[in-house]
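Some notes on the structure that comes next.
The values are calculated or read from the model by the stated rules, or taken from the named source; none is laboratory data. Remember, it's a predicted structure, so these values are computed and weren't measured experimentally. Neighbour counts are summed over all protein chains in view; Cβ atoms, including those assigned to glycine, are modelled from backbone coordinates with ideal geometry. Side chains are part of the model used for accessible areas, which takes the heavy atoms of the whole protein and leaves out ligands, DNA and RNA. Shrake-Rupley method; radii C 1.70, N 1.55, O 1.52, S 1.80 Å.
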Amino acid sequence: LHWSFTQMTPGSMSVVPQNSVERAWNVACLLIGLFVSSLVISQLSTKMVRVQSMNRSHLEQMDMLTRFLVEQGVPRSLGQRIRRHVRDRTSVKPPLTIEDLPSLMLLPITLRQELCCSLFARTLLSHSLFYIWCLSDSSLLSDLCFKALEVNAYASKDDVFVPLQDAKKTMLLRRGQMLYGREIFNSMSEESSAHPELTVKPKDWISVIAVFCKWNYVGRLHAVQHCDVVSIVADKLHEVLESHPQILAMTYSYALTYSKLAMVKDAEYANVVDLDFAPARILQAMGKEERIDFMMPMVAGLTEKRLHKLVERHLPTRRQKIS
């Protein structure tokens, strides 16, 4: 063992080669030791340089933040909370998105559309409204996934939205947990006890009202733990729907009913107005003829079993029948 270590290090010992065979073996061991030791040292050096370069930007940002807080006379307690929050945020790596990978921009558009569908189609089709849209127009699914959907991440204690903020996205929680509470009420007599805080769990939809009208939030939603959400950007969705006028026409009565229920004082609706109303409730509030016209694409798709291949691939008919 001692002799083996001397082949890797500058150490020495009294054991020396006595003939040509032993000397050749010793030379081979020295060459192998030189190669292995150089490889180990280079790998360690590379990793240390990488860690230092990664930490350097973080340390510089923290130093600049501390300097800013001191120069502006920010109270010490507030400054500590700010630094703690920034430190916690930087310690969590957000999920990678398509925008973070410039190499994906080299792909042809058809391949990128297929990639976006594989990432977002199942999420989009999990809502009955978007499912009916995609049944009515087979090209809408790929357009929405490619142009209007994105992935966002929130760290623990982050505010997703606050009261009076404009609703610009519709979201589905993929991972984590959030807490929602209403803070603005329709009248002074309305008690906050009638609107308890709600827990938002994975696969729950949030801010669906952003699809139908301009809306200012009346409550606060914050992340309890690290959360990943799939977001539908309302402005981009509306741009996509401009090239699908039949979808706008068939959704008019649904959107109008949804907007009216958002103004109802009933606690059943008022408590979740910033989240999502059950599609069945919207359909019940619609007129009979309007409800039948809106549901016909889904009924026809389920009875005739002739769904678009893309819709069928990501959300099979049998699963939708059960739901």
State which residue pairs qualify: first residue of a type in the set (S, T, N, Q) and inside the stretch 202-218, second residue surrounded by 23 or more Cβ atoms within 10 Å (Cβ to Cβ) and part of a loop (DSSP other than H, G, I, E, B) in any location, beta carbons under 8 Å apart, and separation of 6 or more residues or different chains.
Ser207/Tyr217; Ser207/Asp274
With criteria (1) within 20 Å of His226 (Cα to Cα); (2) modelled with pLDDT under 90; (3) part of a loop (DSSP other than H, G, I, E, B); (4) of a type outside the set (Asp, Glu), Pro202 comes up short on (2)
Among the aliphatic types (A, V, I, L, M) and either over 22 Å from Asn271 (Cβ atoms) or open to solvent by 20 Å² or more (accessible area, probe 1.4 Å) (or both), is that true of Leu140?
yes
Flagged pairs (Cβ under 9 angstrom, 6 or more apart or on separate chains; first in the stretch 151-168, on the phi > 0 side of the Ramachandran plot; second in a strand (DSSP E or B) and open to solvent by 30 Å² or more (accessible area, probe 1.4 Å)) are Lys157/His222; Leu164/Asn216
Being within 29 Å of Lys147 (Cα to Cα), assigned to a helix (DSSP H, G or I), open to solvent by less than 80 Å² (accessible area, probe 1.4 Å) and modelled with pLDDT of 90 or more is the requirement here; does Val230 meet it?
no
Taking the stretch 52-106 only, how many residues are in contact (Cβ under 8 Å) with a residue 60 or more places away in the chain and more than 27 Å from Val224 (Cα to Cα)?
0
Residue that is surrounded by the most Cβ atoms within 10 Å (Cβ to Cβ) [pool: residues in the stretch 88-124 that are more than 24 Å from Leu173 (Cβ to Cβ), under 21 Å from the mean Cα position of the chain (by Cα) and not acidic (Asp, Glu)]:
Gln113
